[in-house]
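Working notes for the structure below.
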Amino acid sequence: MNYLSAFKISASGMTVEKARLDVTAMNLANVHSTRTADGRAFVPMQVISVAKQGAPFASYLSAASLHGAGAQVVGVRERNAAPRMVYEPGHPEADGKGFVAYPGVDPVGEMVNLISTMRAYEANVAALNAAKTMALKALELGGNT
Amino acid sequence: MNVPSVDFLPLGAEGAYATKSKPGSAGDFAHWLDQEFTEVNDKLNQADDLVRKLTLGEVDNVHHVMIALDQARISFQLLTQVRNKLLEGYQEILRMSV
């Protein structure tokens with residue numbers, strides 16, 4: 001089942017990019033959230049992903065080590081972003097000085113994240129399709145089909 | 001000019017060919033084929049199950065379903081090719097003039 005290793009690797013990459021997209025959507029959806037459901041201030045999130053295998057580089061070159069390879073999400077952390085203080089004295093969530101703390105979501109940065117996530121996902125799809133085409137081409141060997 | 005005589009197989013030689021494929025190992029390919037059939041069937045069922053789950057909204061990643069479908073397709077095509085090669089060889093033998 002060695003030809004499936006490329007599938008697994010691309011699938012893990014796609015899963016990571018899907019998580020990244022989810023978190024970006026979450027950040028964008030909460031641009032105007034003054035707090036989370038449990039009362040704390042909402043802080044923009046960021047996906048932390050690592051390569052699945054902590055093996056030395058040389059072992060990546062041997063096919064046997066590719067079985068468990070790929071990428072994985074190790075956590076969703078809060079980004080270090082200061083809240084955006086907006087002066088809205090009439091707002092029910094305003095503090096004593098009339099400022100409302102909106103999360104420090106950077107919409108432009110999130111859009112850029114979105115695009116790079118989409119491109120990375122597409123790259124994974126392209127790699128998987130190449131693997132599939134190679135496998136199907138190999139089946140044509142010596143045949144008249 | 002020395003024309004060599006047509007050599008028929010010496011008596012008992014067919015025994016040597018017969019022992020090449022032991023009765024026990026004759027089932028090896030059949031066993032392997034059976035195993036492959038089971039595996040491909042499992043893959044097809046798995047893909048089927050995933051598609052059903054996708055329509056029910058129980059799968060969170062569409063690409064897992066598509067990859068399972070692709071794997072099932074490639075496995076099935078591999079098995080089809082093996083079967084084609086097998087039949088091709090068999091028919092080649094049938095066409096042999098004795």
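Remarks
- For A:Arg119, the solvent-accessible surface computed with a 1.4 Å probe is close to 130 Å², ligands and nucleic acids excluded.
- Helix axis angle, A:107-139 relative to chain A longest principal axis, alpha carbon, degrees: 10 degrees
- Computed [θ] at 222 nm, helices only, for chain A once each DSSP H run of length n ≥ 4 contributes -39500 (n - 2.57): -15000 deg cm²/dmol
- For B:Asn84, neighbours were defined as the other residues whose beta-carbon sits under 15 Å from its Cβ, and their charges (Lys and Arg +1, Asp and Glu -1) total -2.
- Charge tally around A:Glu88: other residues with Cβ under 12 Å, Lys/Arg +1 each, Asp/Glu -1 each, net 0.
- Evaluating 6.51 cos²θ - 1.76 cosθ + 1.60 at θ = phi - 60° for every residue in the stretch A:82-92, the Karplus couplings come out as 6, x, 8, 8, 10, 7, 9, x, x, 6, x Hz, glycine and proline recorded as x.
- Distant-in-sequence amide H partners of A:Lys52 (H built 1.01 Å from N, under 5 Å): A:Gly70, A:Ala71, A:Gln72
- Nearest-10 value in Å² for the accessible area of A:Lys18, using the 1.4 Å probe: 60 Å²
- Between helix A:5-29 and chain A: long-axis angle, C-alpha atoms, 0 to 90°, nearest 10: 10 degrees
- In a simple Cβ point-charge model (Lys, Arg +1; Asp, Glu -1; nothing else charged), chain A has a dipole of about 380 debye relative to its Cα centre.
- Pairs from the table (A:Lys52/A:Lys137; A:Lys8/A:Lys132; A:Lys52/B:Lys43; A:Lys18/B:Lys53; A:Lys137/B:Lys53; A:Lys132/B:Lys85) lying more than 23 angstrom apart at Cα are A:Lys52/A:Lys137; A:Lys52/B:Lys43; A:Lys137/B:Lys53.
The values are calculated or read from the model by the stated rules, or taken from the named source; none is laboratory data. Here the structure is a predicted model, which means the values were calculated and not measured. As a convention, Cβ positions derive from the backbone with ideal geometry for all residues, glycine included, and neighbour counts pool all protein chains shown. What goes into the accessible areas is simple: the full protein's heavy atoms, side chains included, and nothing from ligands, DNA or RNA. Shrake-Rupley method; radii C 1.70, N 1.55, O 1.52, S 1.80 Å.
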